[in-house]
Amino acid sequence: MDRSESGAPRLISLFWSFLKLAPVSFGGGYATFPALEREIVARRKWMNEEDLQNILSLAAAAPGGVAVNASFLIGHRLGGLKGSAAAAIGAIVPTCLIVISLFLLYNHFSDSEKVNAALRGIGWGIVALILYTVIRLGRPSIKDKLTLAIAIASLTLLFLHTNPIWLLIGGAAAGVLATHRKNRCVVHSSQTSQSKAGGDSSYMYFI
C-alpha cells in the first residue's frame, strides 16, 4: 500500500519513489521534472499537476540543487519533516554513488573518442528534457498579458547577464502588485453593482 492509515504516503514509498528517480537525473534537477510528474501525479496520484508545478517552481527559485530542493519540498508536502527526510535521502544517496562511479569511469576512459561522442549525444538529450520542462512549467504559469510580459522581460534580462536574484525579486513584486490591483478592481466592481441594485430597488419602491 502507498498510503498510511492517516491517508499520507508511507515513508518507504516516498523513499522508493525518489530512489528510482535518481538514476534518470542526468543533466541536473530540471531534467528530472518530467519523470517526477509521471511518478508523483500520473502513477502515484499523490498530488495534482498544478500543485506539483508550483512546488517545482519554488524548488527552481530556491538556492541549492533543484532536484534536492524538489525532493525536500514534495516530501514535506506529503509527509511533513519525516517525509522530507525520506524523499531527500532517496534522492541524494544513489545520486552520490552514481556521480562517484561516473567520475572513476571517466578518468579511465576520458581519452576514448567513443566516450566523448556519447557524452555529446547525452548533452543534446538533456537539452531536450530541459526544454520540455520549460514548456510544461511555463504553459500554466503564463495566464495573461502581464505574466507573458514578465516572462519575456526576464528572458531578455538573462541574455543581458542580469543576476537571476533580481529577476526573482522583480517577478514576485510584479505578481503581488498585479494581484492587489486586481482585487481592488473586483471590490470596486462589486460595490458599483450593489449601488446600482440599491438605486433600482428604491426606484421601484417609489413607483
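Each residue of region 43-54 in order: what ³J(HN,Hα) in whole Hz does its phi give by Karplus 6.51 cos²θ - 1.76 cosθ + 1.60, θ = phi - 60°, with x for Gly and Pro?
So the J values, rounded to whole Hz, are 8, 7, 6, 7, 7, 8, 5, 5, 4, 5, 5, 5.
Ranked from the most accessible area to the least, with a 1.4 Å probe and all protein chains present, what is the order of Asp51, Asp144?
Result, largest first: Asp144, Asp51.
Over 28 Å apart: what share of the alpha carbon pairs of region 1-158 falls there, rounded to a whole percent?
30
For the full complex of protein chains and a 1.4 angstrom probe, list Ile55, Ile152, Ile130 by accessible area with the highest value first.
Sorted by accessible area, descending: Ile152, Ile130, Ile55.
Using the Karplus curve 6.51 cos²θ - 1.76 cosθ + 1.60 with θ = phi - 60°, what ³J(HN,Hα) values do you get for each residue of region 118-135, in whole Hz, with x for Gly and Pro?
Rounded to whole hertz, the list is 5, 5, 5, x, 4, x, 5, x, 5, 4, 5, 5, 5, 4, 4, 5, 4, 5.
Sorting Glu113, Glu39 by accessible area (1.4 Å probe), largest first, what list results?
The ordering from most to least exposed comes out as Glu113, Glu39.
The values are calculated or read from the model by the stated rules, or taken from the named source; none is laboratory data. Treat the numbers as computed from the prediction; the structure is a model and nothing was measured. Keep in mind that these areas ignore ligands, DNA and RNA; they rest on the heavy atoms of the full protein, side chains included. Shrake-Rupley method; radii C 1.70, N 1.55, O 1.52, S 1.80 Å.
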